[in-house]
1. Restricted to segment B:334-350, and to residues that are within 22 Å of the chain's Cα centre (by Cα) and touching a residue at least 24 places away in the same chain (Cβ under 8 Å), which residue is surrounded by the most Cβ atoms within 10 Å (Cβ to Cβ)?
2. Can you list the helices (runs of 4 or more DSSP H) lying wholly within segment A:297-407 that have 3 or more residues being surrounded by 14 or more Cβ atoms within 10 Å (Cβ to Cβ), within 31 Å of the chain's Cα centre (by Cα) and at pLDDT 95 or above?
3. Take the residues in segment B:355-392 that are more than 30 Å from residue A:129 (Cβ to Cβ), touching a helix residue (DSSP H, G or I) at 6+ places or on another chain (Cβ under 9 Å) and assigned to a loop (DSSP other than H, G, I, E, B), then tell me which one is farthest from the other protein chains (Cβ to nearest Cβ).
4. If we keep just the residues of segment A:190-212 that are out of contact with any helix residue (DSSP H, G or I) (no Cβ under 9 Å at 6 or more places or on another chain) and either crowded, with 23+ Cβ neighbours inside 10 Å or closer than 18 Å to residue B:203 by Cα (or both), which is farthest from the other protein chains (Cβ to nearest Cβ)?
5. Which members of segment A:239-265 meet the condition of being facing chain B (nearest Cβ under 7 Å) and not in a strand (DSSP E or B)?
6. Looking at residue A:15, is it out of contact with any helix residue (DSSP H, G or I) (no Cβ under 9 Å at 6 or more places or on another chain), within 22 Å of residue B:184 (Cα to Cα) and at pLDDT 90 or above?
7. Consider segment B:292-311. How many of its residues are without any contact (Cβ under 8 Å) to a residue 24 or more places away in the chain, in contact with a helix residue (DSSP H, G or I) (Cβ under 9 Å, 6 or more places away or on another chain) and surrounded by 15 or more Cβ atoms within 10 Å (Cβ to Cβ)?
8. Go through segment B:197-221 and give me each residue that's touching a residue at least 24 places away in the same chain (Cβ under 8 Å) and surrounded by 24 or more Cβ atoms within 10 Å (Cβ to Cβ).
């Protein structure tokens, strides 16, 4: 761990009123790298992630879900029941304390609670306020509430995932939830840098659908410019062959192989040990291989069937052919490359004990970083936040407790 | 927001979105291309399906808000020009094979000599070092090694990736976050920073609650078709409707409404309404408590409700009633989605063949520093004279040497 005065976002303050995925994972980057992030929750409206697994040892319970704890590291926990006027007043003090105010509710929710941007900038003229929701703050579908599954379907990610002869499969995860936090986090970091230099804050309306669509830009253009519709095609590429996941020895074990050039094809032919493939004119060019994909797949599958996926990967890699084991979570924990990068540091969670957490996905050389502390328990840091950050007296805190503001 | 900063983009398709994010956020991005152009210029899809120069839609998609300079880094004048640009830059982003830039004398150590405050970002499939650092890779193999493929697809066939490449895009947006984090660190330490971005780890993040599953619950999640896995229950999300498919997450208040509508449509008898506390139904299922109607019955009922209705009917009806029923859009549906049009999301881009096309707009709406597309993707070397002449003060013959275009 670097010394505390060298953390990138040390001194940056964030009031995180967001929940579920996008908001919390966006602010996690800043929290892990030094910002003081206050995660606001309410017992009256617990985060939906508390009912989503995986649960520690498969025993369900709000504080046992890794879905919450992995994505709220390095944050402080404050409880506020914003349905009470006393909590609204505390929220305003938090808003005047903070540099960045993040929320991810259905448009209009914060206005209803009396803490929208108009109110926020009155109490803190240089505040950066971020609202992120599926469809954005305006437009006829702005009230469309839901998850990244819904936005992923509207964007087109479902239509392009699965097999052409079956119903769309969809990404396993709520896909826009994994596209948008990185873009949103970059926007917040840029806004923080701008504020540092100019003192200017602003309001940011970040639609998860609109950010997500950036990942389909070439295919959107292919339609709008060429009138060409792309759809799901298993693992095949529109441009190069052969590509696929091939069944290997063992229980449901697979290795992906992808040939993108004539050189890689020559390498694969060598690996397969079938000289007939090299001399067959149908396979000599990429377009020929695209046309005869089924036949090539049969040859590859025959070769992979009796080998472990690791063996297939090793033999292909040795000839310069891109190949990779289809890894499950259990494989990731055995992956020597990920061990080398210290991908899964253990954090001692106060509820469930030591658990591997997701470390940083990029590595800044010479800066030994990672999640700084486990995710907060609900309301764990109430006293510290109310007293030290907001300057509340013991009497004020007692009144807030009596009013039910801290539930 | 990032207008004081200059970014040198030396990437190919593996990193072009990284510098585009910084460019969209206001930075001056100079795309440094070899004399033959970025490899992404030779990647499909192509405009009018013609694999020719300046026709790559892959390139067009991820290179707005950039200027293009050609530099021949095999020559001394080209390298000297690059170092002169580095002196004026704040960020370098590259996506060459691990160690390749250093091997040419153009790695981090050389760059920090030229500019001791530079932020150098390197994007590779697996990272700069380690046992797999030199593995050849493609989008498919990174999706496999990163884990998300293991979760996707139907159980009786192979696991699947998304059919369109995503790995380099995830790595790229991760790199833009890494760049800005390292820049904040540079401001504190006054020292150049090196950021090592691995596409594999960027893909691991896309497994979300699936990535650490084994270490937490003692077993993996496995692919189960188009369902969401909640504890021990698999809830089917995709339902066939009259003109395609819709995604419905039937829990809570939405499920109660769906049950009401099914009763109104005569799909199920009225006694369903009171048979369950529907908003709490999914909790009971999760906790394996006895229920009046099984989850399979409930999902069949939802399927029956949507079967004779169109995607748009379901979307509009759901919007009015607060039940999210999301159409599974193809690109045609998407470009006609009224909401995006009314938000002014789409932009009209001038294409290299003189025509125009609708393209995705800016990332977000900002009140203080609005984002915009200031430049459409550049032609190869379009700004070589401007950048090398005006910024570095090179003569026209020096420019010709450095850019690899010979005398005259």
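The values are calculated or read from the model by the stated rules, or taken from the named source; none is laboratory data. Small disclaimer: the values here were computed from a predicted structure and weren't measured. Backbone-built Cβ (ideal geometry, glycine too); neighbour counts: all protein chains shown.
1. Within segment B:334-350, the first condition is being within 22 Å of the chain's Cα centre (by Cα), and the residues that meet it are B:334-337, B:339-341, B:343-349.
The next check asks that each one be touching a residue at least 24 places away in the same chain (Cβ under 8 Å); those that pass are B:347, B:349.
Working: B:347: 16, B:349: 21.
My answer is B:349.
2. Working: elements: A:309-318, A:329-332, A:336-340, A:394-402.
Because the criterion is at least 3 residues that are surrounded by 14 or more Cβ atoms within 10 Å (Cβ to Cβ), within 31 Å of the chain's Cα centre (by Cα) and at pLDDT 95 or above, the helices (runs of 4 or more DSSP H) in segment A:297-407 that meet it are A:309-318, A:329-332, A:336-340.
3. The qualifying residue farthest from the other protein chains (Cβ to nearest Cβ) is B:392.
4. Here the residue is A:191.
5. A:239, A:260
6. Working: out of contact with any helix residue (DSSP H, G or I) (no Cβ under 9 Å at 6 or more places or on another chain): no; within 22 Å of residue B:184 (Cα to Cα): yes; at pLDDT 90 or above: yes.
In short, no.
7. Just the residues of segment B:292-311 that are without any contact (Cβ under 8 Å) to a residue 24 or more places away in the chain, to begin with: B:292-294, B:296-297, B:300.
If we keep only those that are in contact with a helix residue (DSSP H, G or I) (Cβ under 9 Å, 6 or more places away or on another chain) as well, we get B:292-294.
In the following step, the residues that additionally are surrounded by 15 or more Cβ atoms within 10 Å (Cβ to Cβ) were identified as B:293.
Residues in segment B:292-311 being without any contact (Cβ under 8 Å) to a residue 24 or more places away in the chain, in contact with a helix residue (DSSP H, G or I) (Cβ under 9 Å, 6 or more places away or on another chain) and surrounded by 15 or more Cβ atoms within 10 Å (Cβ to Cβ): 1 in total.
8. Initial filter on segment B:197-221 (touching a residue at least 24 places away in the same chain (Cβ under 8 Å)): B:197-207, B:210-211, B:220-221.
Listed by number, the residues that qualify are B:197, B:198, B:199, B:200, B:201, B:202, B:203, B:204, B:206, B:207, B:210, B:211.
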